Structures are given as C-alpha cells and as structure tokens.
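Asker: Quick one: this structure, given as structure tokens, is what I'll be asking you about.
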Amino acid sequence: MTAITIKKCCVDDVQTLQNISMETFIDTFKDQNSPENMKAYVEKAFNLKQLETELSNQASEFYFIYADGDIAGYLKVNAGDAQSEAMGDDSLEIERIYVRKKFHKQGLGTFLMNKAIEIATEQNKEKIWLGVWEKNKNAIDFYSKMGFVHTGAHSFYMGDEEQTDLIMTRTLK
C-alpha cells in the first residue's frame, strides 16, 4: 500500500514547485502545442518570480502530494480576487491539479481533488470550479466523474495561440 501525504507549500518550496510545474505541464501538453508556444507559456507562468508572487498571495494555496515520500504532483486553489475569473466569494477555483506521469492511474488526482473540496468546505464555499482545455478529454472525463458539470468557457493563451478552456463547476451546498 502506497503511503500518501499532502503538504501545504510555502515560499521556500518555490524551486521544487517550479520543477514539478514545468515537468507536469510540458508532459501534459507538449504533443498538442508548438514548441514555441509551450516555451513562451512555461517561461511566463512558471518563472521563479511569478511563482513566488503566487505563493505569497494569501488567497491562493499550493499543496504537494507525495507517494511513499516521492513528490508525485501538486494542487493550486484560489479564492476571492485570486480566481482567474470573477466567480464571487462563494467560489473556490482549482487553478492547477497535476500528477507526474509515473504516478498516473494511482488515484492521486482523486486525493488532490478531495483536498480541494475539503478546503472549499472549510472556507464555506458554495461551489468549486476549474477551467480545462476543451481538447483534454482525460481531464474532462475525470472532472465529470468527480461531479463537475460544464457551465461555461473562457479563453486561455498558450503563447500566442488562443485556446478555449471549458469552465466546469461542482455545487457543494
């Protein structure tokens, strides 16, 4: 049986966060996007200064998940003004939920999702939501299985390419 632990990140974790952010994002999206757009996005979203700013934001929280002591993935949630869309104070956004490839199919995504739901419940949120690329069928299927429904869409820029993210929401109360 694999020992699973989840640990809240702090600013001191920025280098580890950068490494896992880049690894998981590139592994997930490199085959469907140009190298130029991937490079532009990764350099903007995962540079140390950007991640330090996000880690310092009181309305955002990051969590690492470990499997038998090895870092396996991470979660980022946003409340209030930190949300990437104005969804109101009764909502919590899951901005990032990633599991490293070698840990896929071990239920770790479910652990991270349950952690996000636990946080939303502790903060008395009425709903939890996320944006997911319309072409990421595996993620859409996972979120649907977890009780999320398609409620809208917004633009996401991968470098200079405009893409569509589906907004999926789960009501908690």
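Just so you know, all these numbers are worked out from the coordinates, no wet-lab data involved. Predicted model, so just to flag it, every value in this text is computed and none were measured. A quick note on method: Cβ atoms are made from the backbone with ideal geometry, for glycine too, and the neighbour counts reach across all protein chains shown.
Asker: Expressed in nm², what is the orientationally averaged projection area of the convex hull enclosing the Cα positions of region 82-122?
Answerer: Details: hull surface 13.6 nm².
Computing the convex hull of the Cα atoms and averaging its projections yields 3.4 nm².
Asker: Hey, another quick one. Evaluate E = 1/(1 + (r/R0)^6) for residue 49 and residue 86, where r is the Cβ-Cβ distance and R0 equals 30 Å; express this FRET efficiency to the nearest 0.05. Please list the in-between numbers first.
Answerer: Working: r = 25 Å, r/R0 = 0.84.
It comes to 0.75.
Asker: If you don't mind, another one. Based on Cα positions only, what radius of gyration and what Dmax would you give for the chain, in angstroms?
Answerer: 15.3, 44
Asker: Explain nothing, just the number: dipole magnitude of region 99-165 about its Cα centre with +1 on each Lys and Arg Cβ and -1 on each Asp and Glu Cβ, in debye rounded to the nearest 20.
Answerer: 520 debye
Asker: If we count every other residue with Cβ under 15 angstrom of residue 135's Cβ, Lys/Arg +1 and Asp/Glu -1, where does the sum land?
Answerer: -4
Asker: Further, regarding this structure: Which whole-number percent is the relative contact order of the chain (Cα, under 8 Å, 6+ apart)?
Answerer: 20 percent.
Asker: Would you please give the residues with an amide H less than 5 Å from that of residue 161, counting only those at least 5 places away or on a separate chain, with H modeled from the backbone geometry?
Answerer: Residues meeting the criterion, in which the H sits 1.01 Å from N, do not exist here.
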